[in-house]
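Inspection log for the structure reproduced underneath, given as structure tokens.
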């Protein structure tokens, strides 16, 4: 599975999990929804920006150069 799909799946599961938690807790205030949005979006955005694919190995670089 490509890394982009894994990253998007984890981010989606995080946001969905927080939405279920908000529904379970019965959030109804503006402050509660604001905290939920920040907790829901900030970690996935950071994860999507920082989590990069692994660097190619030496043998992969050599094979690519020989092609």
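The values are calculated or read from the model by the stated rules, or taken from the named source; none is laboratory data. In this text the structure is predicted, and so the values were computed from the model without any measurement. Virtual Cβ from ideal backbone geometry, glycine too; neighbours counted across all protein chains shown.
Odds and ends about this structure:
- Among the residues of the stretch 5-31, those identified as surrounded by fewer than 11 Cβ atoms within 10 Å (Cβ to Cβ) and in a helix (DSSP H, G or I) are 5, 20, 23, 24, 25, 30, 31.
- Among residues of the stretch 44-67, those that are surrounded by 10 or more Cβ atoms within 10 Å (Cβ to Cβ) and part of a helix (DSSP H, G or I), counted: 9
- The single condition among (1) assigned to a loop (DSSP other than H, G, I, E, B); (2) modelled with pLDDT of 85 or more that residue 41 does not meet is (1).
- Cβ-Cβ under 7 Å pairs, at least 6 apart or on other chains, the stretch 42-55 side farther than 16 Å from residue 3 by Cβ, far side surrounded by 10 or more Cβ atoms within 10 Å (Cβ to Cβ): 43/14
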